[in-house]
Amino acid sequence: MKSMRLSVLGLLLAFISANGQTPKPYTTPHAPLLGTAWYPEQWPESQWESDLQLMQDAHMNVVRVGEFAWSSLESSEGHYDLDWMERAIALAAKHHIAVVIGTPTDAPPAWLTTKYPETLGMNADGHFREHGGRRQFNYASPRYRQLCASIVAQLARRFGHSPDVIGWQIGNEYTDESFDPATRALFQQFLRDKYKTLANLNKQWSTAYWSQTYTAWSQIPMENTGGNPGLLLDHKHFVTQTWRGFQRNQIDILRPLILPTQFITTNIGGLAWSDNWDHCAITADLDFASWDDYVGQGHLDTPKNAMLNDFVRGWKRQNFWVMETQPGSVNWAPINNALSPGETRALAWQTIGHGPDAVLYWQWRDALNGQEQYHGAIVGPDGKPLPIYAEIAQLGQDLELTREALAGTSPHAEIAILHDYDSRWAIDFQPHSKDYDQQQILLRFYTPLQKLMQPSGEAIDIVDPAAAPLDGYKLLVAPSLNVISVELAAKLVAYVRQGGHLLLGPRSGMKDEFNSLNTQRQPGPLAEALGGRVEQYYALDAPVSLAARNSTGTATIWAEHLSTSAPDTQVNLRYADPGGWLDGKPAMITRNVGKGSIAYLGTLPDGAFLSTILSNAMRDARAEVPGPALPAGVELCLRATGWGKSSHRVFILINHNESTKEITLGGPFKSLLPGIVLTATHAAADTPATQISLPPQGIAVLVSEPAQ
Ligand code: GLA
């Protein structure tokens, strides 16, 4: 294995910004890396060497240290002890293991919150949080930020030029906001900056409703549930801005003190799906996004894990890190079962197929006491390997054999699903049906799309339509784009006019950027281009039938009665609902606009029916992928250095089944992993193909074999 010390040159080449211009997207040298969270402060120093030796033996090359270690780094105000960390980093380097330092700001020490009680956050119920857990701090407190800046500066001065430190993680899983009076005053100031006058705020929030009219900024409450939808949306924007400021406070300390080669990221929790704040906005200030990918109870849900990793990749539209994943089991699910033998490795490989440049386990060894004694770990309290160690070591061996091929590769997509936080929030404030679970709805669209792409292994992107450049996509699918501003509508219409194809799902365009109803009805500022609109929406308490020209299906949860207003808008689908409001009414309409098209699907069809709709949309958008379907439960992921013919391509094939599967892929391939049986065959005359026999939870990493 190459020493991580050698990687510093690679890092420099990969990252340095030319003439102070915007840095290029960060690329992790020697990716994908494998590692773990390691808390040396919780163990006698005499045991560190054997920990690190075991990590090295498992082919790990990165550890994260320091997060939560504030009381060990600063035992009382201004009394720092960073020597132990320096010794731990040096010892890791001896084992060719690079270090990511986590700033310890998610767990302030008891002396701090005792001396500065204003640094404690207040829950929505009006109670201040207390010491004894973590995340008890107030993210908006200027005093807390000042104290964070001091400890981060100490760390940055000591380790910012260490060749053994490759990057920084700020805090840990930004989670809780604060409802204390000082933060409420900041919220009111935020509103003042945004709306300038109370008259403007009153207008955009329609405060004549229920006599909500404000005559002083200080009257405005701070709520995260049940309030005026305009206020609730602004509160989410405020929370996003406040966390961003919390993070910016540390970035501004770190940047001038650390090598330009050291990256800055944070590990995002909430299983990537939490919506406390806008992940695109928070990750905009980081070199790359990281997230904590846990299964929890049960087993690997492959479409969901694929979707969530694609979702994370979309925040910055680049590769990312999995900063934490589970070594077998967690401790926070209703039942903390272990993943089956082979499943932990399959989870890691599936994840790598969707774009991370590092996978780190949480954690190496459980602290002897503390709240997480039962969490999965890699070694036991005795420091000796647990059964999962061998499987993780096998993954380490896999990565040794494939790292060179995977270097510089990432997933690529011609189809994107549109997701944005304003729409997510606007619907979740008023779901109108308890069944309108947006993750499930995203999955309902993602699953068939991903399956239809499987013959090629190409990815599906999930991007924010306002932030992402859209012209590279042949097809955009927007399952629930509830908030559409005039600006976003203009961007989408321009995309379509230039040849793009846009399929809108139910609830699209109901609201504007203030979370007010659009007066054009749905899809708001897109109604004119669509040549149609929603006449009425219905939350469904029973399925309703759908009838297209050659097929029938059912729809659940939500149904919208559509109408056309332009002669060239086609009706593709109708409801069959004898005696009901929806009977015979259009359920999907499409119009060609410029060189492309806009379609509106007003309901949530069953999986097979939706798959047909999406497959037709792919055909119309020329985004179809020819080739035989893979066996159920087998997944193909393509990582490449680009789209061009000369691009270097690596295929990751995973058998998520409990039985061996035979898979045929077009073209001659060579396996980078041992023990995988490949048989040269022909898909058709003169078309070489390869048959691959994959055992249960088996992995093949394949590269094209040059023609003989
Ligand atoms: C989160 C945290 C970790 C740990 C794990 C347990 O991801 O970041 O500190 O608590 O959960 O699963």
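The values are calculated or read from the model by the stated rules, or taken from the named source; none is laboratory data. All values reported here derive from a predicted model rather than from experimental measurement. Here the Cβ positions follow ideal geometry from the backbone for every residue, glycine too, while neighbour counts run over all protein chains shown.
Go through the range 308-334 and count every residue that is over 22 Å from residue 34 (Cα atoms), of a type in the set (A, V, I, L, M) and more than 10 Å from the ligand (Cβ to nearest atom).
0
Across the range 48-105, what is the number of residues that are assigned to a loop (DSSP other than H, G, I, E, B) and more than 16 Å from the ligand (Cβ to nearest atom)?
11
How about the range 567-596: which of its residues are crowded, with 16+ Cβ neighbours inside 10 Å and at pLDDT below 95?
Hit for the range 567-596 is 577, nothing else.
Being touching a residue at least 60 places away in the same chain (Cβ under 8 Å) and surrounded by fewer than 16 Cβ atoms within 10 Å (Cβ to Cβ) narrows it down to one of 599, 608, 539, 547, so name that one.
Criteria check complete, one pass: 539.
Take the residues in the range 634-656 that are assigned to a loop (DSSP other than H, G, I, E, B) and surrounded by fewer than 20 Cβ atoms within 10 Å (Cβ to Cβ), then tell me which one is modelled with the lowest pLDDT.
645
Any idea which residue in the range 335-346 is nearest to the ligand (Cβ to nearest atom), counting only those that are of a type in the set (Gly, Ala, Ser) and surrounded by fewer than 21 Cβ atoms within 10 Å (Cβ to Cβ)?
For the range 335-346, the residue satisfying everything is 338.
Condition check ((1) among the hydroxyl-bearing types (Ser, Thr, Tyr); (2) surrounded by fewer than 19 Cβ atoms within 10 Å (Cβ to Cβ); (3) without any contact (Cβ under 8 Å) to a residue 60 or more places away in the chain; (4) farther than 14 Å from residue 66 by Cα) across all residues:
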residue	(1), (2), (3), (4)
141	yes, no, yes, yes
157	no, yes, no, yes
161	no, yes, no, yes
164	no, no, no, yes
172	no, no, no, no
175	yes, yes, no, yes
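Residues checked against (1) of a type in the set (A, V, I, L, M); (2) touching a residue at least 12 places away in the same chain (Cβ under 8 Å); (3) assigned to a helix (DSSP H, G or I); (4) touching a helix residue (DSSP H, G or I) at 6+ places or on another chain (Cβ under 8 Å):
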{"residue": "323", "(1), (2), (3), (4)": "yes, yes, no, no"}
{"residue": "341", "(1), (2), (3), (4)": "no, yes, no, yes"}
{"residue": "345", "(1), (2), (3), (4)": "no, yes, yes, yes"}
{"residue": "357", "(1), (2), (3), (4)": "no, yes, no, no"}
{"residue": "376", "(1), (2), (3), (4)": "no, yes, no, yes"}
{"residue": "381", "(1), (2), (3), (4)": "no, yes, no, no"}
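Read through the list (1) within 19 Å of residue 175 (Cβ to Cβ); (2) away from the ligand (no atom under 16 Å from the Cβ); (3) crowded, with 23+ Cβ neighbours inside 10 Å; (4) not aliphatic (A, V, I, L, M), then give the number of the only condition that residue 290 fails.
(2)
Yes/no per residue for (1) touching a Leu at 6+ places or on another chain (Cβ under 6 Å); (2) away from the ligand (no atom under 16 Å from the Cβ); (3) under 25 Å from residue 359 (Cβ atoms):
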site: 235; (1), (2), (3): no, yes, no
site: 247; (1), (2), (3): no, no, yes
site: 255; (1), (2), (3): no, yes, no
site: 262; (1), (2), (3): no, yes, yes
site: 268; (1), (2), (3): no, no, yes
site: 283; (1), (2), (3): no, yes, yes
site: 295; (1), (2), (3): no, no, yes
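Exactly one of these conditions fails for residue 106: (1) surrounded by fewer than 19 Cβ atoms within 10 Å (Cβ to Cβ); (2) of a type in the set (D, E, K, R); (3) in contact with a Lys or Arg (Cβ under 9 Å, 6 or more places away or on another chain); (4) within 17 Å of residue 245 (Cα to Cα). Give me its number.
Of the numbered conditions (1) surrounded by fewer than 19 Cβ atoms within 10 Å (Cβ to Cβ); (2) of a type in the set (D, E, K, R); (3) in contact with a Lys or Arg (Cβ under 9 Å, 6 or more places away or on another chain); (4) within 17 Å of residue 245 (Cα to Cα), the odd one out for residue 106 is (1).
So which residues in the range 495-526 are buried (at least 22 other Cβ atoms within 10 Å of the Cβ) and of a type in the set (A, V, I, L, M), if there are any at all?
496, 502, 503, 504, 510, 526
Only one residue in 555, 587, 547 is small (Gly, Ala, Ser), over 27 Å from the mean Cα position of the chain (by Cα) and over 30 Å from residue 310 (Cα atoms), so which one is that?
547
Quick check: anything in the range 178-192 among the basic types (Lys, Arg), in a loop (DSSP other than H, G, I, E, B) and either in contact with a helix residue (DSSP H, G or I) (Cβ under 6 Å, 6 or more places away or on another chain) or under 30 Å from residue 38 (Cβ atoms) (or both)?
Within the range 178-192, none of the residues are among the basic types (Lys, Arg), in a loop (DSSP other than H, G, I, E, B) and either in contact with a helix residue (DSSP H, G or I) (Cβ under 6 Å, 6 or more places away or on another chain) or under 30 Å from residue 38 (Cβ atoms) (or both).
Select from the range 356-387 the residues that are within 16 Å of the ligand (Cβ to nearest atom) and at positive phi and list them in ascending order.
370
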